[in-house]
Amino acid sequence: MKLKVSLFQRMEDVVDKWRKEYKSVLESYGEQTIADVKVSQVLGGMRDVPALVCEISVVDPYEGIKFRGYSIDEVIKLLPKVSDFPYVLGLWYLLLTGEIPSKDEVEELEEYIKIRERLPKYVIEVLRNTPANTHPMTQFAMAILAMQRESVFAKSYYEGMSKRDLWKPMLEDCINLIARAPVIAAYIYRRTYRDDVFVKPNENLDYGANFANMLNVNDDFVLDKDFADLIRIYLILHSDHEGGNVSAHTCFNISSALSDIYYSVAGGMCGLAGPLHGNASSESLRWILNILKFFNGIPPKDKLIEYINNHLASGKVIPGFGHAVLRVTDPRYTAFANFAKDKKLDSDVIKMVRLLYEVVPDILKATGKVKDPYPNVDGHSGAVLYHYNLKEYDFYTVMFGVSRIMGMTAQVVWARAVGFPIERPKSLPIKTIVELAQKGK
Ligand code: CMX
């Protein structure tokens, strides 16, 4: 296979390093025990069981996400910039290689991705043959799955390519998917919610601004520069969150069967679509709008507290708050809050987000059971999109998905590079778990 862009060469070098490390860890520590597992963890969604490997990012309960060891602030500072914001694909380069790229390297990758943006006709037909009121996440997963027929990885595998080289066609597939994901998303958006008039990819724009331009949220065919900045930062912030969350792990698990990236990412997207995961950003915005409607504007604090307590008493969660790992305000939330402050955003939805931040944590703390009473990324991301006229909140998970593909693909390329095996944890009936617990094993 001809390696056409310097990213491939860089990957050749790092893959060699990863393989040596992986092999040596297995040889040196393969029989070493690193954790005990409690029954409560097995029955509690495997919480905190260290059973997965993820080199791409780590979520510290108190510091939040680190992408390849870099915090959000560091990533924003160090990645090469376009219009004062990092190039989105610079982040993907970092996730893939573990290295901050130079401006030349990112711009070369941006150009390389542009060549692959064109949507095949059959993908458009799949979407057009689907009722327009189908949930946008369903459409997104369908369009991704439809492209499976083009997988270079699947073709290479069935043609007998050596296992050692399979990461290369996997990376080719990932590049194609990364290139087309925003185009598919924008197509779904325009068809589902707007006038069914589409904006073609603009080769003069970077990845983030191009996506913003194709969404054309103001229907005026003029790129809103602030919205482009938002999309750049949005795509970076949602890109990865360790390997154990539902979408990342689903994707990784599927790919461990040597399913290609289209199968794997489509599966991951179906997990992201759940209300406790990626769809929380839609839920959060819907909830904020309901509050504004109920009170006919921003409510007084005491009335809002009463409203939230009633909401909890009816057995529902507060969307956009809480996290399975974090124990502080999600730094991704803070990054959006800073963006809103810097751009001087003050619409009612933004004001509501700020007011919720003042009241919800204390209410959740008072329940005595919520481990993380602070807001997560979904508690702010929808409000900034809404502010810039992207008001169709069912679409927010697709926005999340376009970004999350960067993390998913980086993880899968790593797995194929080191030859990670098929996943097969042991499952037990409850009766056996009880027997083991009684024996103290
Ligand atoms: N509102 C109300 N109750 C909440 C809550 C919230 N925001 N967060 C947690 N709880 C409740 C749980 O439902 C659970 O109650 P039960 O014991 O009655 O079942 C209890 O507090 C303990 O849960 P936890 O250990 O603190 O949280 P989990 O790790 O089980 O769940 C999460 C994490 C994100 C699913 C949960 O906080 C939640 O449902 N949040 C609202 C939805 C949301 O914002 N999801 C987005 C997360 C980020 C992402 O993946 O995109």
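The values are calculated or read from the model by the stated rules, or taken from the named source; none is laboratory data. Note that the structure is a prediction, hence the values are computed from the model and not measured. Backbone-built Cβ (ideal geometry, glycine too); neighbour counts: all protein chains shown. What goes into the accessible areas is simple: the full protein's heavy atoms, side chains included, and nothing from ligands, DNA or RNA. Shrake-Rupley method; radii C 1.70, N 1.55, O 1.52, S 1.80 Å.
For this structure, a couple of remarks:
- Looking only at residues of the stretch 170-200 that are touching a residue at least 24 places away in the same chain (Cβ under 8 Å) and of a type in the set (Lys, Arg), we find that the one that is surrounded by the fewest Cβ atoms within 10 Å (Cβ to Cβ) is Arg194.
- Selection over the stretch 234-272 of residues that are in contact with a helix residue (DSSP H, G or I) (Cβ under 8 Å, 6 or more places away or on another chain), part of a loop (DSSP other than H, G, I, E, B) and either under 22 Å from Val49 (Cα atoms) or within 9 Å of the ligand (Cβ to nearest atom) (or both) gives a count of 5.
- When Arg327 is tested against (1) buried (at least 17 other Cβ atoms within 10 Å of the Cβ); (2) assigned to a loop (DSSP other than H, G, I, E, B), only condition (1) is not met.
- Only listed residue being open to solvent by less than 10 Å² (accessible area, probe 1.4 Å), closer than 15 Å to Gly379 by Cα and more than 9 Å from the ligand (Cβ to nearest atom), chosen from Ala335, Ala340: Ala340
- Qualifying residue in the stretch 71-92 (condition: within 16 Å of the ligand (Cβ to nearest atom), in contact (Cβ under 8 Å) with a residue 60 or more places away in the chain and under 22 Å from the mean Cα position of the chain (by Cα)): yes
- Options Asn176, Asn133; residue that is of a type outside the set (A, V, I, L, M), outside any helix (DSSP H, G or I) and assigned by TED's automatic domain parsing to the domain that holds Cys270: Asn133
- Scanning the stretch 273-301 for residues that are in a helix (DSSP H, G or I), among the hydrophobic types (A, V, I, L, M, F, W, C) and within 12 Å of the ligand (Cβ to nearest atom) turns up Ala280, Leu285, Trp287.
- Close contacts from the stretch 390-410, counting a first residue that is among the aromatic types (Phe, Trp, Tyr) and a second that is not in a helix (DSSP H, G or I), with Cβ to Cβ under 7 Å and a gap of 6+ residues or different chains, come to Phe400/His238; Phe400/Gly278.
- When Lys17, Lys66 are screened for being without any contact (Cβ under 8 Å) to a residue 12 or more places away in the chain, exposed (fewer than 13 other Cβ atoms within 10 Å of the Cβ) and not assigned by TED's automatic domain parsing to the domain that holds Arg327, only Lys17 passes.
- Residues located in the stretch 232-259, provided they are without any contact (Cβ under 8 Å) to a residue 60 or more places away in the chain and either open to solvent by less than 10 Å² (accessible area, probe 1.4 Å) or within 14 Å of the chain's Cα centre (by Cα) (or both): Val246, Thr250
- Within the stretch 77-104, the set of residues being open to solvent by 50 Å² or more (accessible area, probe 1.4 Å) and part of a helix (DSSP H, G or I) comprises Lys77, Leu78, Lys103, Asp104.
- Residues of the stretch 366-397 that turn out to be within 14 Å of the ligand (Cβ to nearest atom) and either among the β-branched types (Val, Ile, Thr) or part of a loop (DSSP other than H, G, I, E, B) (or both), as a count: 11
- When the residues of the stretch 20-51 are filtered to those that are open to solvent by less than 80 Å² (accessible area, probe 1.4 Å) and part of a loop (DSSP other than H, G, I, E, B), the one that is farthest from Ile433 (Cα to Cα) is Gly30.
- With respect to the stated conditions, Gly407 fails to be within 16 Å of the ligand (Cβ to nearest atom), assigned to a helix (DSSP H, G or I), under 29 Å from Pro182 (Cα atoms) and outside the structural domain of Thr250 (by TED's automatic domain parsing).
- Residue ID - farthest from the ligand (Cβ to nearest atom), chosen from residues in the stretch 314-332 that are under 18 Å from Glu283 (Cα atoms) and free of Cβ contacts under 8 Å to residues at least 60 places away in the same chain: Ser314
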